[in-house]
Structures are given as structure tokens and as C-alpha cells.
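Accompanying notes for the structure given below.
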Amino acid sequence: MSIGTAEFAPDEVGRVDREYAARTMPMRLRTIDEAHEFFDGLEPAEPGIVQVHKWHPDGKGEDGIRDEDIAMYGAVARTP
């Protein structure tokens with residue numbers, strides 16, 4: 001699952017959100033706490049819910065990518 005967020009660059013992502021709204025295109029940005037709610041009752045795979053450029057099961061993230069440039073959390077989960 002990928003989940004849009006404005007937590008790392010609120011001004012820039014806020015402009016995108018306003019543009020979507022002006023075009024009546026639904027978009028919902030969420031905080032990390034709200035992202036966790038999608039996974040209630042599930043078993044998230046490591047590394048859990050992180051920004052998508054940091055989601056690597058081998059623990060090796062992408063070097064050189066700034067958090068401010070990525071407006072999305074990602075995770076994979078299994079049913080128990």
C-alpha cells in the first residue's frame with residue numbers, strides 16, 4: 001500500500017493537494033499515525049510503514065534521496 005503524506009514537505013505537497021481539489025479530484029493525505037490504522041489486525045513486513053524510498057526488505061535504503069522529495073509512505077502486510 002502507498003499512502004500520500006504532507007509530513008515531510010507540507011508547503012509543496014499542500015500546493016499539490018489544492019490543485020487536486022480545484023480539479024475536483026479526490027486526494028487524502030495522511031499522517032504516519034493515520035497510515036498505521038490501515039494495518040490494524042495485519043502483520044506488516046519489515047521494515048514496516050516507512051517512506052517508499054526507504055522500503056527495502058534487505059534494510060538497504062536509497063542513498064541520496066531527500067525525505068522532503070518523497071510524499072508517500074509504503075508498506076506490505078499479511079493477514080495473520
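Since every read-out is calculated from the coordinates, none of them should be taken as a lab result. From a predicted model like this one, the values you see are computed outputs, not experimental measurements. A quick note on method: Cβ atoms are made from the backbone with ideal geometry, for glycine too, and the neighbour counts reach across all protein chains shown.
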Single residue of region 1-21 satisfying the filter (of a type in the set (Gly, Ala, Ser) and surrounded by fewer than 16 Cβ atoms within 10 Å (Cβ to Cβ)) that is farthest from Asp33 (Cα to Cα): Ala21
Conditions (1) free of Cβ contacts under 8 Å to residues at least 60 places away in the same chain; (2) closer than 16 Å to Thr5 by Cα: number failed by Ile70: (1)
Residue check: is Lys54 crowded, with 16+ Cβ neighbours inside 10 Å, of a type outside the set (S, T, N, Q) and out of contact with any strand residue (DSSP E or B) (no Cβ under 8 Å at 6 or more places or on another chain)? yes
Have a look at Glu12, Glu46 and point out the one that is within 26 Å of Asp58 (Cα to Cα) and either assigned to a helix (DSSP H, G or I) or of a type outside the set (A, V, I, L, M) (or both). Glu46
Looking only at region 20-52, how many residues end up being touching a helix residue (DSSP H, G or I) at 6+ places or on another chain (Cβ under 8 Å) and closer than 22 Å to Pro10 by Cβ? 5
